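Enquirer: Dumping the structure here so I can ask a few things about it.
Taken together, the values in this text are just the output of simple stated rules run on the coordinates, not laboratory data. Predicted, not measured: the structure shown is a model, and the values here were computed from it. All Cβ positions, glycine included, derive from the backbone under ideal geometry; neighbour counts span all protein chains shown.
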Amino acid sequence: MKLDTNSLAGMLLPARCIMTRVNPIAVLAVGVFGIGLLSIAIWIPYLQQELKQSQSELSRSAQAGKVNIAQAVVIPSQSELRMQQFYATLGENGYAEQQLKTMFELASKSGLKLNQGEYKSSFDRNDETEAYQIQLPVVGPYPAIREFCESVLLAIPFASLDEISFKREAISSNNLEAKLRFTLYLSGSKKIVAVQP
């Protein structure tokens, strides 16, 4: 049997018309989508079987007393993480005297002379922290007082400068009388002994 090229072209004409109307990218996208659906259909039963197997192994281990399911995975909450960070930044109560000595050394470096200060501590039973307030009267030029305050806050990360007040005896005077109130935030409940300059 001999095929006529005209009859073959006539039979392929409808297929050729369809191919010119269809976007090849759309055909490719449909093909990829079909392959994706097929792979999901194949993998879902496999993954379900793996999940059932893992659950049964965990259940057997829990029954045998090897693993407590409630304690298998412990993830701390955000508030617990923040609380841990808070306690990690507190100073140690037993070393508060060293922090006071550091403050006196920094004052000396800044060219300030510290007179005897007032010291007061308070203990918070709820979070078991100690707040140790230090009120220091200083006399000196403003740049030296500012340098001292900045160096204390850099050297002692658990200290805060809570209050500062200035007084000048005369307008022409370069020296200021300043009252500084720092607070050291400490952990624990040991008693602190005040240090004299």
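Enquirer: Among VAL138, VAL27, which comes first, then next, by fewest other beta-carbon atoms within 10 Å?
Expert: In increasing order of surrounding Cβ atoms, one gets VAL27, VAL138.
Enquirer: Something else now. Using Cβ counts within 10 Å as a stand-in for footprinting exposure, how do TYR95, TYR132 rank, fewest first?
Expert: With the fewest neighbours first, TYR95, TYR132 line up as TYR95, TYR132.
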